[in-house]
Amino acid sequence: MLKDLFIGLSQNQLLNSAAKKYGLKLGAQSVVAGTNIEETIKTIKELNAHGISCTVDNLGEFVYKEEEATAAKNQILEVIQAIHENGVNAHISLKPSQLGLDIDYEFCLGNLKGIVEKANEYNIFINFDMEDHNRLDPSFKLLDELSKQYVNIGTVIQAYFFRAQEDLEKYKNYRLRIVKGAYKETEEYAYQDKKDIDENFIKLIEWHLLNGKFTSIATHDHVIINHVKQFVKEHAIPTDKFEFQMLYGFRKDMQLQLASEGYNFCTYVPFGDDWYGYFMRRLAERPQNLNLVVKQVFTK
Ligand code: FAD
């Protein structure tokens with residue numbers, strides 16, 4: 001299956017390092033905002049001008065060396081500073097594995113603490129993106145630990161996991177992003193059928209809209225978006241209790257449309273030279289995205 005092929009490619013460390021050397025190629029420039037902070041701030045300003053807020057992801061995967069995790073931390077601190085100095089409407093999304101979760105838990109906690117503390121000074125929110133099943137419990141543990149001191153943090157609930165409802169209820173007082181789930185998970189832990197995942201996704205969104213603090217509904221699926229629009233209307237859920245989120249470069253017309261209809265809208269803006277794994281996961285989700293690649297190759 002194409003999905004498995006692209007997920008496999010996303011985990012290939014050799015190709016990952018090669019991609020870093022050769023810049024934004026293979027069409028990745030359509031879905032990655034740029035390779036540096038300056039380009040990214042420019043993109044954020046453009047989106048803000050359309051009433052769209054941003055969550056910025058400094059791309060990074062396969063971090064097994066302390067110096068790489070420290071470099072990622074420093075880069076995220078620079079992004080926080082740039083968001084503050086430019087007065088743009090943006091916050092941060094990060095992956096615990098990029099900050100050293102696979103190296104040492106305490107080391108990762110220290111890195112995250114530095115980031116959350118700095119962001120807290122500027123009142124900037126930090127979202128802990130959720131990765132594969134093995135990293136789920138340690139990531140929640142990091143969140144638990146840091147929330148003893150800080151409130152500017154939240155995370156993601158992945159609807160394909162059987163345990164998602166339980167996690168949702170436990171973390172209902174956090175700002176939560178709800179997604180279908182992007183990694184390849186086994187049937188021991190996760191729904192495998194699209195229909196089951198979609199059903200659970202809707203159930204979780206509805207539950208959190210009614211019981212939770214703030215819900216980010218992160219999907220490109222117009223059927224689900226239309227369902228949510230109807231649901232919030234029927235239940236008189238105020239627009240300041242939720243937002244829609246999509247990835248940069250996807251369904252641009254719909255992003256603008258939702259923002260112009262008065263919904264809070266946030267675009268996930270990835271940037272940096274470590275774009276390869278992110279890009280391959282997007283191809284796994286939607287092989288039609290290969291069109292992006294073909295177009296870029298032929299329009300150079
Ligand atoms: P899909 O199930 O991929 O698509 C459903 C339908 O929507 C398609 O059949 C098609 O009709 C339509 N559609 C979808 N995309 C397009 C398109 N580009 N153009 C036209 N029609 C389209 N996953 C994680 O595991 N952890 C995270 O932390 C995480 N964060 C995310 C943050 C954001 C902002 C977003 C948007 C996604 C995130 N994801 C994350 C990925 C998520 O889990 C899904 O893998 C991804 O969003 C694909 O699912 P979908 O809901 O967009 O719809």
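The values are calculated or read from the model by the stated rules, or taken from the named source; none is laboratory data. Owing to the predicted nature of the structure, the values given are computational and were not obtained by experimental measurement. No Cβ is skipped: glycine too gets one built from the backbone with ideal geometry, and neighbour counts run over all protein chains shown.
Could you run through region 58-91 and say how many residues are within 16 Å of the ligand (Cβ to nearest atom), modelled with pLDDT under 95 and buried (at least 20 other Cβ atoms within 10 Å of the Cβ)? So that I can check it myself, show each step before the final result.
Here is the first cut: in region 58-91, the residues within 16 Å of the ligand (Cβ to nearest atom) are 58-61, 76, 89-91.
The next check asks that each one be modelled with pLDDT under 95; those that pass are 58-61.
Of the ones still in play, those that are also buried (at least 20 other Cβ atoms within 10 Å of the Cβ) are 58-60.
Looking only at that region, the number is 3.
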Look at region 211-240 and say how many of its residues are within 16 Å of the ligand (Cβ to nearest atom), polar (S, T, N, Q), outside any strand (DSSP E or B) and under 20 Å from residue 55 (Cα atoms).
-> 1
Selection from region 157-168 of residues in contact (Cβ under 8 Å) with a residue 40 or more places away in the chain and either small (Gly, Ala, Ser) or not in a loop (DSSP other than H, G, I, E, B) (or both) yields 157, 159, 164, 165, 168
Being of a type in the set (A, V, I, L, M, F, W, C) and surrounded by fewer than 22 Cβ atoms within 10 Å (Cβ to Cβ) narrows 94, 136, 99, 142 down to just 136
Single unsatisfied condition, residue 177 versus (1) in contact (Cβ under 8 Å) with a residue 12 or more places away in the chain; (2) in a helix (DSSP H, G or I); (3) of a type in the set (Lys, Arg) = (2)
Among residues of region 62-117 being part of a helix (DSSP H, G or I) and among the basic types (Lys, Arg), the residue farthest from the chain's Cα centre (by Cα) is 113
Could you tell me whether region 194-210 includes any residue that is buried (at least 16 other Cβ atoms within 10 Å of the Cβ) and in a loop (DSSP other than H, G, I, E, B)?
-> no
